[in-house]
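Notes follow once the structure below has been shown.
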Amino acid sequence: MKISDDVYKISGEGNVYLILKPEPIVIDSGCMSQKNSIRIQIESIVPLDQIKKVLLTHLHYDHSGNVDLFPNAEFYADEEEIEDFKINHFNFFFSRVPTEVYDVLMNKLVPFQGRINELEVIQTPGHTRGCVSFVDHKNKLLFTGDTLFNNGVGRTDLENSVPKKMTKSLNKLRALIKKGYKLLPGHDY
């Protein structure tokens, strides 16, 4: 589904967002069980090998499960999220991680170092310790992962959740929505 001229929502259990300019970027890669559908949807817009960066709001399986689809991409996540995954990946996948996905998440993730192209990276811990959201100020778009949904907020009862930080994160995101930013959550609930 087209969000704006260069931004598309790839539907699935977890939403994937494709940004075409200034270079093809994917925000979250979706759930492994929907790999084929995600592949087809993205390839109808741009070849997978042209994706330059994959930005992850957090590392739960339904957001990072298809990182192996992008052979030429650089992969980014929050530094704390990367640390927590390396300590105990079971808290993110709740089962065995497929080898190809595990390889990317263990060996190719780079911590964010400020902006990525036109996107501001903002810390929004709560759902996990290293959750981030992305703000496109030019187009007034807000990619919130599992921190804020259209009809609720992300869970904070998981092993790697930080409930005491969620309220501050939600306040930060809701302030942007009050300024007219469009909410683009990680799920459609």
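The values are calculated or read from the model by the stated rules, or taken from the named source; none is laboratory data. Note that the coordinates shown come from a computational prediction; the quantities given were computed from them, not determined experimentally. Note that each Cβ is placed from the backbone with ideal geometry, even for glycine, and that neighbours are counted across all protein chains shown. Heavy atoms of the whole protein, side chains included, go into the accessibility calculation; ligands, DNA and RNA do not. Shrake-Rupley method; radii C 1.70, N 1.55, O 1.52, S 1.80 Å.
Data overview
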{"item": "Cα centre as origin, Lys/Arg/Asp/Glu Cβ charges: segment 1-142 dipole, Debye", "result": "260"}
{"item": "Close Lys-Lys pairs in segment 1-119, where close means Cα under 27 Å and separation is 8 or more or interchain", "result": "22"}
{"item": "Which label in (1) 38, 18, 14; (2) 30, 18, 13; (3) 22, 21, 15 gives the computed semi-axes √(5λ) of the Cα gyration tensor in Å", "result": "(3)"}
{"item": "Candidate lysines - alpha carbon under 19 Å from Lys172, same-chain residues fewer than 8 apart omitted", "result": "Lys138, Lys140, Lys164, Lys182"}
{"item": "Accessible surface, 1.4 Å probe, highest first, among residues Val110, Val104", "result": "Val110, Val104"}
{"item": "Mean ellipticity per residue at 222 nm, deg cm²/dmol - from DSSP H runs of n ≥ 4 across the chain, formula -39500 (n - 2.57)", "result": "-7000 deg cm²/dmol"}
{"item": "Pairwise label distance in nanometres, Gln50 with Glu79, each label 7 Å out on the Cα-Cβ vector", "result": "3.5"}
{"item": "R0 of 22 Å, Cβ-Cβ distance Tyr102-Ser33: FRET efficiency to nearest 0.05", "result": "0.85"}
{"item": "GluC sites (Glu not before Pro) within segment 95-187, DSSP loop, no more than 15 other Cβ atoms inside 10 Å", "result": "Glu159"}
{"item": "Val110-Leu158 pseudo-label distance in nm [points 7 Å out on the Cα-to-Cβ vector]", "result": "2.5"}
